[in-house]
Amino acid sequence: MSSTADYDENLSVSSLIFFEPGYWEFPQRKFMSNHLHSVEGDLAGEDPYGFVLADTLAKLNTSEEVMPSSYEDILPKAPPRAAKFPLKEHLPSLSTKKLDPQPDATVRKQRDSNGKEVAEYKEQSNKSDWSFREERSSRSGSFDTTFQSSITPTDYDSDDKQSSESSSFLSKETEAQKETKLLLPEYSCLKKLLQQPVVNVERLKQIAWHGSPRLYRSIIWKILLGYWPNVNSRRTEIVKRKREDYRISLSRAFSKSHKSETEQERLIWRQITLDVPRLCSDYNLFKLPALQELLKRVLFVWSVRHPACGYVQGMNDILMPLVYVLLSEVYQSRNDCSSTCFTMEMGNVTSASIHCVEQDKVLSIQAMDNLSLLLDDVEADVYWCFNSVLESIQDFYTFAQPGIQRRIQLLERLLGRVCPNLYDHFKRQGVELVQFAFRWFNCLLIRELPFPVIVRLWDSVLCEEDGFGSFYVFLCASLLHFLEKDLIKMEFQELILFLQNIPKDIWTDSSVEVLVSQAYLWREMFAGTKSGMTDRI
Amino acid sequence: MARSDDEYDYLFKIVLIGDSGVGKSNLLSRFTRNEFNLESKSTIGVEFATKSVQTEGKTIKAQIWDTAGQERYRAITSAYYRGAVGALLVYDISKKESFIGVEKWLKELRDHADSNIVIMLVGNKSDLKHLRAVSTDEGREFAEKHSLSFIETSALDATNVEQAFTQLLTEIYRIVHKKALTSEKNSSFKPALGESVVVRDPAEDKGARKKKCCS
C-alpha cells in the first residue's frame, strides 16, 4: 500500500517528460509505460491485495445499495476522483435495463435499419433527464471568445471578438457571470485553471477525467495530449513552430510522392484514398470533401514520417474524434450560433456530455466554406494530436502488430481475474479474444461504440497515464464486464456476432461513467499499485 | 454442440481473401443478409458471419471469416486459414492489380491453409462492364491453370453471389461425402446421425479434428 507515493511520483515524472518542449519531435523518446513495460517484482503467486479487492468489488457489484464510503475504504489512497464515481447507477441495473434480452435480434435490427436505429437512439437520449440542458445560447459566445483571447495562439477570432465584445459587452458579461454561478465549483475552477500562467496539469486531469465541458474540450485535449505546453506564455511560439513543421513535412511528403515516390509510399497513398471515403460515418462532417482531403493528407504525412508503421486501416477511424473536437472549437469561435452548439454543459457536466456531442451542429455541417481559411491550422493541429495519440501505441501498427497481440493477452489474463465466469464461458465456447478484441484495439473501440461515447471516453483516457496503451486494456475488460450478463447466455456464433456488432443503443452518460469507472478501479487495483500485476494478471 | 439454434448436417469453415477494396465484405453481406453498402467500412482483422444453405438434400452451415485485405493484417488473418475447408479468392475485374495479386494470395493459402482446401476464384464487380480490366477468359484461364473453380460475381446487383457460395459449399460437401463413404468402407469410423460435422467449432480440439477434413 505504500505504492501510492510511488504512483504519484510516477505521475509527476511522466508529466515532466510529457510536457518537455520538443518532446514531440523525437518519437523514439516515447514514454514507456511503467505498467506495461518496466514493471519489476513478482507478486503473482500471492497477490493477496488484488484478490481481496476483487472479492470486495464482486460483492459490491451484486449489492444495489453501495455507499461511496465503501469505495473509499477499498481505495484509501486513490486520487480524489475515485470517490466521485456515480455509484448509485451500479452495474446490475445497466445490462438488464438497456440491453435487448435477445441480443441476436438487436444485432439484426441494427443491420436492417441503421437509420432507424440512430433515430431511436436519439429519441431515447431526449427522453433521458436533460432538464439542465437548456438552451443557454448566446452568452457562451462572448464567453468563448473572451476565453480564447487570453489563451489561444491563433489570431483568427480577433476581429470578431473585438466587435462582438464592444457591442454587447455588458449584457454578455452578466450572462457569463450567470453561467459561472450555475457551474459546479469544479468547472468554474476549470476556467480559472486554464487561464493560469502555468496550467496545473494534475489538477486539470482530476477535473477533466469526469468529462470535459464541450467549450473547453479542444483546449483540454491539446494540453493533455502535450500538443499545447502547459505554460501559457510559450504556447503561441510552440504551436506556430509545430504548424510550420507540419507544413514542411506536408510539402516534402507530397513533392516526393509526385516525383520519386517509393513503392511503399505509393501503396500507402492508394490505401488511404481507398479507405478515407469509406469512413462511412453517420455524420455529415466526415463526408465533406474538404475534410476528406485533410484526413488523407494527415494520414499520408504521418505514415511517411513513421515508415515502420506506415498506414494501417483503422487509423482513419482514430482521426475522427480529434478532427471533431478540434474543428468544433474553430466552428464555435467562427459562428455566431444561437443554438445548443454553444451550450456549456451545466450542473452535472459529465451527464450531458454524450448528448451534447450527439446534438452538436458541427457533426452535421454541410459545407466548410466559412472554415476553409482555418483548415490549414486545424490540419496541423490534428496531425500533432494524432501523432501523440499514436506515439505510445506505435507497436499496434508495426509488422505483425505485436502491440495489439500483447494487449489482447493482457486483456485475457485480466478477464480471467475479474470476470472468471465469462472467461470460462469464452473458453468453453471456443471464443478467442483476438476474434473480436483485435479490432477493439486496432481502432481504439471507435468502431464499437457510438461516436459521442468515444469522445466522452477519451476525456478520461487522455487523463490517464499511457491511456491508449495501458488504460484501454482495462476499458476493454470493463466493456466485457458490462456486457457479461448477456454474453454468458450466448453460444460461439452468437457471441462473435454480438461482439463484432455491439448494439449502440445501450449507452447513456451514466453507463459510460460506469464503464470508465470500472476500468479505473481495475487499473488502480492491478497496475496502479505498481506491484507488477499488469504483467502478471 | 452449437446445434441448439439451428439444425445442420455439416459445418464448413470458409475464408474470404483478396486485395483490399475488391468487395469481399459486400459479397459476404449480400450472401448472408442480402445487403450491399457502397461505402462499407474497411474490414479490420477478421469479421465473421454465417449462413446455412441446402444442397443435395443436406443443410450445410457456412461459417465465413471475412479477412482484411491490407498487407499489414496478413499475420493475423492467416491464422484463420487453419481449419478452413474452403476459400473464396476475390479480385476486382476493374482493377488489374487485384488480379495480379491473386498469385500472392494463392501462395498465402499454400503456406498457411490445409493443403486440401477448396479454392474458388471470384472476379467481383462484374457490373462495372465499362471499366473491365480483366477479361472473363483471363480469369478462367488462370483458374484452370491452378485448378480452381471460377465465377464472376457482382455484389452490387447480386449476380452469381448465391451461386458462388453454394457452388463452393457443394463442392466441399461432395469431397467430404466421398471421403466419408471411403472411410466408412475402410475403417470402423461411422459418423453418428447429425454428427458429421467436418470442421468443428474452434471450441473443439483443432489438431485432432484435422484428419476429418476433406481430401
- Could you please let me know if A:Leu499 is more than 14 Å from chain B (Cβ to nearest Cβ), at pLDDT 95 or above and either surrounded by fewer than 24 Cβ atoms within 10 Å (Cβ to Cβ) or more than 14 Å from the chain's Cα centre (by Cα) (or both)? no
- Among the residues of segment B:9-25, which ones are within 11 Å of another protein chain (Cβ to nearest Cβ) and in contact (Cβ under 8 Å) with a residue 60 or more places away in the chain? B:Leu11, B:Asp19, B:Gly21, B:Val22
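Enumerate the helices (runs of 4 or more DSSP H) found wholly within segment A:391-452, keeping only those where 3 or more residues are assigned by TED's automatic domain parsing to the domain that holds A:Leu515 and surrounded by 22 or more Cβ atoms within 10 Å (Cβ to Cβ).
On the way: elements: A:402-418, A:420-429, A:434-442.
So the answer is A:402-418, A:434-442.
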- Complete set of residues in segment A:362-375 that are surrounded by fewer than 17 Cβ atoms within 10 Å (Cβ to Cβ) and touching a residue at least 24 places away in the same chain (Cβ under 8 Å): A:Ser364, A:Gln366, A:Ala367, A:Asn370, A:Ser372, A:Leu373
- Quick check: anything in segment A:272-287 more than 14 Å from chain B (Cβ to nearest Cβ) and in a helix (DSSP H, G or I)? yes
- Message: Is it the case, given these coordinates, that B:Val90 is in a helix (DSSP H, G or I), among the hydrophobic types (A, V, I, L, M, F, W, C) and away from every other protein chain (no Cβ under 14 Å)?
- Response: no
- Query: Regarding B:Ile76, is this residue under 30 Å from A:Arg270 (Cβ atoms), modelled with pLDDT under 95 and of a type in the set (A, V, I, L, M)?
  - Reply: yes
- Message: Going by what's in this entry, would B:Phe48 be described as more than 10 Å from chain A (Cβ to nearest Cβ) and either surrounded by fewer than 23 Cβ atoms within 10 Å (Cβ to Cβ) or modelled with pLDDT of 95 or more (or both)?
- Response: no
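Table: residues versus (1) in a loop (DSSP other than H, G, I, E, B); (2) at pLDDT 70 or above; (3) touching a strand residue (DSSP E or B) at 6+ places or on another chain (Cβ under 8 Å).
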{"site": "B:Gly101", "(1), (2), (3)": "no, yes, yes"}
{"site": "B:Asp111", "(1), (2), (3)": "no, yes, no"}
{"site": "B:Gln163", "(1), (2), (3)": "no, yes, yes"}
{"site": "B:Gln167", "(1), (2), (3)": "no, yes, yes"}
{"site": "B:Tyr173", "(1), (2), (3)": "no, yes, yes"}
{"site": "B:Glu195", "(1), (2), (3)": "yes, no, no"}
{"site": "B:Ala203", "(1), (2), (3)": "yes, no, no"}
{"site": "B:Arg209", "(1), (2), (3)": "no, no, no"}
- Message: Being within 19 Å of A:Asp486 (Cβ to Cβ) and either of a type in the set (A, V, I, L, M, F, W, C) or in contact with a Ser or Thr (Cβ under 9 Å, 6 or more places away or on another chain) (or both): is that true of A:Leu415 here?
- Response: yes
- Message: Return the residues of segment A:260-270 that are buried (at least 16 other Cβ atoms within 10 Å of the Cβ) and touching an Asp or Glu at 6+ places or on another chain (Cβ under 9 Å); say none if nothing qualifies.
- Response: A:Leu267, A:Trp269
- Item | Output for segment B:121-143, where each listed residue is among the aliphatic types (A, V, I, L, M) and either surrounded by 21 or more Cβ atoms within 10 Å (Cβ to Cβ) or touching a Phe, Trp or Tyr at 6+ places or on another chain (Cβ under 7 Å) (or both) | B:Leu121, B:Val122, B:Val134, B:Ala143
- Message: Please go through segment A:480-503 and give me each residue that is closer than 17 Å to A:Leu449 by Cβ and assigned to a loop (DSSP other than H, G, I, E, B), ordered by number.
- Response: A:Asn501, A:Ile502, A:Pro503
- Message: Given the criterion among the aliphatic types (A, V, I, L, M) and surrounded by fewer than 21 Cβ atoms within 10 Å (Cβ to Cβ), identify the matching residue among B:Ala87, B:Ala158.
- Response: B:Ala158
- State yes or no: is A:Phe474 within 30 Å of A:Tyr216 (Cα to Cα) and modelled with pLDDT of 95 or more? yes
- Message: Looking at B:Ile17, B:Ile93, B:Ile76 in this structure, which one is within 20 Å of B:Thr170 (Cα to Cα) and of a type in the set (Val, Ile, Thr)?
- Response: B:Ile17
- Lone unmet requirement of (1) at the interface with chain A (Cβ under 10 Å from one of its Cβ atoms); (2) assigned to a helix (DSSP H, G or I); (3) in contact with a helix residue (DSSP H, G or I) (Cβ under 7 Å, 6 or more places away or on another chain) for B:Ala79: (3)
- Identify, by number, the condition in (1) farther than 17 Å from A:Leu445 by Cβ; (2) surrounded by 24 or more Cβ atoms within 10 Å (Cβ to Cβ); (3) at pLDDT 95 or above that A:Met490 doesn't meet. (2)
- Taking B:Ile64 as meeting all but one of (1) in contact with a Lys or Arg (Cβ under 8 Å, 6 or more places away or on another chain); (2) facing chain A (nearest Cβ under 9 Å); (3) under 28 Å from A:His425 (Cα atoms), write down the number of the exception. (2)
- Query: Among the residues of segment B:28-44, is there at least one that is away from every other protein chain (no Cβ under 12 Å), in contact (Cβ under 8 Å) with a residue 40 or more places away in the chain, surrounded by 21 or more Cβ atoms within 10 Å (Cβ to Cβ) and under 16 Å from the mean Cα position of the chain (by Cα)?
  - Reply: yes
- Message: Exactly one condition in (1) under 19 Å from A:Gln394 (Cα atoms); (2) more than 10 Å from chain B (Cβ to nearest Cβ); (3) surrounded by fewer than 22 Cβ atoms within 10 Å (Cβ to Cβ) is false for A:Val473; which is it?
- Response: (3)
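The values are calculated or read from the model by the stated rules, or taken from the named source; none is laboratory data. Model, not experiment: these values are computed from the prediction. Glycine gets a Cβ as well: all are built from the backbone with ideal geometry, and neighbour counts include every protein chain shown.
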